[in-house]
Amino acid sequence: MQWLLTTLILLSHDLCFLTKVEAINIPAVIVFGDSTVDAGNNNHVPTAIRSNFPPYGRDFEGGKPTGRFCNGRLVTDFISEALGLKPLLPAYLDPSYGIEDFATGGTFASAGSGYDNLTAQLTNVIPLWKQLENFKDYKTKLSKYLGKTKAEETLQQAGFAISMGTNEFILTYYAFPSRSSEFTIEEYQNFLVGVLEKFIREIYTLGARRVGVAGFPPIGCLPVIRVVNSMSCREELNNLARNFGGRVKGVLSKLKRELKGTKMVFLNLFDTPLQILKNPHLYGFENVVKGCCGTGTFEVGYACHEPDPFT
Ligand SMILES: *[C@@H]1O[C@H](CO)[C@@H](O)[C@H](O)[C@H]1NC(C)=O
């Protein structure tokens, strides 16, 4: 996705800031979320929401589609590398990796998932509560591998990243009357933020102290939305994305006050990506309207990192 390039820049800035100011060491990166950060977990669950076929992975080493919803590496891979860890952050369900790899982090994310249990249910992907169960399994293995004290220390210093929620607003809420009749859009946002808050409290009790939560990109400009909106952005969805980001930010500052010893970072993925979507040529992009890999009605994929400067 185009804005993931910017995400990377923004995340790098945030993380550099952290490292510079505190001279801290981040020994592992732990990720929960949806397709923005799934490195191939869905290859190991019975769902159609997969990306282990071309053109995904076109710019990956060997042009290999790995299950990343991306032409190359994900933002979280770049972050891991920038922190001096692995250049690829492995998917926790990938049997070709073991605890010796996951000791410096991994992703529990599942494309198509979200804060609402119903979202993962729709496409039979891994719901957030199950991502948390998998993380608990990881913690047990990490304790055996590193020893209890060292494992706890690792988790306390690790960077936790959470990136999801878009599927709720492009799919779950609008496509399923069960949600839109139950909640107004305001109430639904509060419901989702409530799930996020509970989730952060849970990972806190499991050791997490450094938590970054991604806000939404301008989802009204997603190809999947444009294709049903005469190819233009849907402003009300963009407003919603901005609004939801504000709520996430609010809950993070509340948690930071309540939970001792935490660092909470809100990652604004809205403003800069919108600039790029408005002036793609200034940033080296040619097309921000069409998806690369969709069916015509479900256009969600596009290049998600820097375009080749020579083309
Ligand atoms: C989601 O499902 C899990 C497992 O069934 C449950 O524990 C949790 O309370 C549910 N979350 C919400 C918000 O309903």
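For this structure, a couple of remarks:
- For region 25-136, the extents of the C-alpha atoms along the principal axes are 37, 33, 22 Å, listed from largest to smallest.
- Length-normalised contact order of the chain in % [C-alpha pairs under 8 Å, at least 6 apart]: 21 percent
- Computed extension gain for Asn243 through Phe53, at 0.36 nm per residue and net of the alpha carbon distance, reaches 64.9 nm.
- Of all accessible heavy-atom area on region 2-303, the percent that carbon and sulfur account for (1.4 Å): 55 percent
- A simple charge model with +1 on the Cβ of Lys and Arg, -1 on the Cβ of Asp and Glu and nothing else charged puts the dipole of the chain at about 680 debye relative to its Cα centre.
- Order of exposure, largest accessible area first, which applies to Arg73, Arg201 with probe 1.4 Å: Arg201, Arg73
- Filtered trypsin sites (Lys or Arg not before Pro), region 230-279: DSSP coil and at most 11 other beta carbons within 10 Å: Lys260
- Convex hull projection area averaged over all views, region 2-303, Cα basis, nm²: 15.0 nm²
- Glu81/Gln156 FRET efficiency (R0 25 Å; Cβ-Cβ; nearest 0.05): 0.65
- Cβ-Cβ distance of Lys148 and Asn25, R₀ of 25 Å, FRET efficiency by 1/(1 + (r/R0)^6): the value works out to about 0.80.
- The calculated FRET efficiency for the pair Glu61 and Phe191, based on their C-beta separation and a Förster distance of 51 Å, comes to about 0.80.
- Average accessible area per residue (Å²) across the chain - probe 1.4 Å, nucleic acids and ligands excluded: 45 Å²
- Pairs over the 30 Å Cα-Cα cut-off, from the set Lys86/Lys150; Lys64/Lys150; Lys136/Lys263: Lys64/Lys150.
The values are calculated or read from the model by the stated rules, or taken from the named source; none is laboratory data. Predicted, not measured: the structure shown is a model, and the values here were computed from it. Quick reminder, even Gly has a Cβ in these numbers, built from the backbone with ideal geometry, and neighbours come from all protein chains shown. All accessible areas refer to the heavy atoms of the entire protein, side chains included, with ligands and DNA or RNA removed. Shrake-Rupley method; radii C 1.70, N 1.55, O 1.52, S 1.80 Å.
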